[in-house]
Amino acid sequence: MRTLLLRLRLLTFAAGAFVALTFLARPVSAHHGWGGYLDAEFEISGTVESPVSLAGPHATMTIKGTDGHVWNLVLAPPPRSQQAGLKDGMIPVGSKVTAHGHRHRDNDRYEVKTERLTWGDKVFNVYPDRS
Amino acid sequence: MLDHQVVLDAAKWLQGSALGHFMRESGAWTYAIVNLLHILGVASLFGSVLVLDLRLLGLGRRLPLAPIADATGPVAAAGFALAAITGVGLLVTKATEYVGNPFLALKFPAIALGLANVLLIRRTEAWRDRGRRELLPREDRRLAIMGGLSLACWLTAIAAGRLIAYW
């Protein structure tokens, strides 16, 4: 009986740690999914600071926004971004671009989950089913 | 705590390594494939560990421990190796972005504890004598505690690992 209780306690501890972690993470979600971003549509223009990178879980690039802040543009996962016409290292530094998508929920974070990227007359619909 | 600058320098070095370049520059699907192998490794590790730990905790006690341990051990070890190797690849892709990520800071100690627990359990007489003699209740209890600790460690490592992406 004592050992059963001990085992139950250990199992509860393990399950508790798991659940606690999951809840801890709720308000801060980012990058993955859309939960970490505002529902409202958002648009920012600027000049390219670092070109498109097709590395990691999501393609990314940074721009110097017209508001003076450096914005981190999170695009679709690399294969999907590539399908939309983006290539690694594309769009030279200094080019004017506009990102359309959703801003990060954290106001201090200049990050846009980008659905559509416009560069001159080229439009990259990385999430075509959303925009 | 580790000095932030030291961690950042190490992350920069990792990111600039040959593996870092390979992960970033060898095609759009590289990360996805390595990520898939990482999950397969974690699934093999946790699946086998779960069966063994639950048995140590007393579930299915009528099944002898020795064959369960013999069947799950190598699968867990192979799963861990696969997860560890691919995990390095995932990390070095953009290592600097993970500096300061609290879930990563939780994941690594959890893995270290889990591995230390494996070493400890393998050193106990009860573990070495499994299948050769009937274990004493005291020994069963000890193995149960270690099995519970193991579950807690790997569950924490998996939860923290998954949440790295949500920081």
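For this structure, a couple of remarks:
- Whole-number D in µm²/s for the range A:42-125 (Stokes-Einstein; Kirkwood sum over Cα pairs; 25 °C, 0.890 mPa s): 199
- The range A:29-101 and the range B:54-120 have their alpha-carbon centroids 35 Å apart.
- Theoretical ellipticity at 222 nm over chain B - DSSP helices of four or more residues, -39500 (n - 2.57) apiece, nearest 500: -26500 deg cm²/dmol
- For the range A:42-125: relative contact order, % (alpha-carbon pairs under 8 angstrom, 6 or more apart): 31
- Compactness of the protein assembly as shown, taken as the C-alpha radius of gyration over 2.2 N^0.38 Å, stands at 1.22.
- Rg/Rh for the range B:5-145 (Cα atoms only, Rh after Kirkwood) is 1.10.
- Among the listed pairs A:K64/A:K113; A:K113/B:K12; A:K87/A:K122, those with a Cα-Cα distance over 19 Å are A:K113/B:K12.
- Looking at the range A:26-111, the chymotrypsin sites (Phe, Trp or Tyr not before Pro) that sit in a DSSP loop and have at most 16 other Cβ atoms within 10 Å of their own Cβ are A:W34.
- For B:L113, B:L155, order by how many other beta-carbon atoms lie within 10 Å, fewest first: B:L113, B:L155
- Mean partner shielding of peptide B:146-153, defined as the number of other chain Cβ atoms within 10 Å of each residue Cβ, is 4.
Every read-out reported here was derived from the displayed coordinates using simple, explicitly stated rules and does not represent laboratory data. Source: prediction; values computed, not measured. Here Cβ is always computed from backbone atoms with ideal geometry, including for glycine, and neighbour counts include all displayed protein chains.
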